[in-house]
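Taking it in order: structure first as structure tokens, then the write-up.
The values are calculated or read from the model by the stated rules, or taken from the named source; none is laboratory data. These numbers were taken from a predicted model, which means no experiment stands behind them. Please note: Cβ atoms are built from the backbone with ideal geometry, for glycine as well, and neighbour counts cover all protein chains shown. Heavy atoms of the whole protein, side chains included, go into the accessibility calculation; ligands, DNA and RNA do not. Shrake-Rupley method; radii C 1.70, N 1.55, O 1.52, S 1.80 Å.
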Amino acid sequence: QVQLVESGGGLVQAGGSLRLSCADSERIFSRNAMGWYRQAPGKQRELVASIISGGMTNYADSVKGRFTISRDNAKNTVYLQMNSLKPEDTAVYYCFARGITTWWGQGTQVTVSS
């Protein structure tokens with residue numbers, strides 16, 4: 001049973017930073033892609049950032065230049081460094097891992113106060 005455990009969410013003021021972590025219970029080098037979605041109240045879930053097995057990254061336009069996704073294969077962990085946070089970044093952030101199917105983390109709350 002694949003498990004994704006997220007950590008690093010919390011409350012931060014606008015302009016601040018947070019780093020989310022997603023620890024995979026299995027080796028991540030076998031994943032086709034990993035990344036983060038987020039869902040704000042009353043809104044659809046949206047892709048924030050992803051990283052494929054070859055290392056290429058992809059970002060939502062709203063976070064480009066502020067967020068950075070990275071992976072540490074030795075630790076089976078993917079990170080999302082979030083800088084210059086804005087109130088509109090407030091959401092529950094979900095880690096995902098894509099292989100023969102897609103697995104999801106439990107979600108971590110990020111709240112940015114103005």
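Points to keep in mind about this one:
- Taking the criterion of being surrounded by 14 or more Cβ atoms within 10 Å (Cβ to Cβ), of a type outside the set (Gly, Ala, Ser) and over 16 Å from Thr111 (Cα atoms), the residues of segment 3-26 that qualify are Leu4, Val5, Cys22, Asp24, Glu26.
- Checked against (1) open to solvent by 30 Å² or more (accessible area, probe 1.4 Å); (2) without any contact (Cβ under 8 Å) to a residue 60 or more places away in the chain, Ser30 passes all but condition (2).
- Candidates Ser70, Ser84, Ser53, Ser62: the one that is open to solvent by 70 Å² or more (accessible area, probe 1.4 Å) and of a type outside the set (Phe, Trp, Tyr) is Ser53.
- Among the candidates Ile69, Ile100, residue that is closer than 20 Å to Gly10 by Cβ and either touching a strand residue (DSSP E or B) at 6+ places or on another chain (Cβ under 7 Å) or in a loop (DSSP other than H, G, I, E, B) (or both): Ile69
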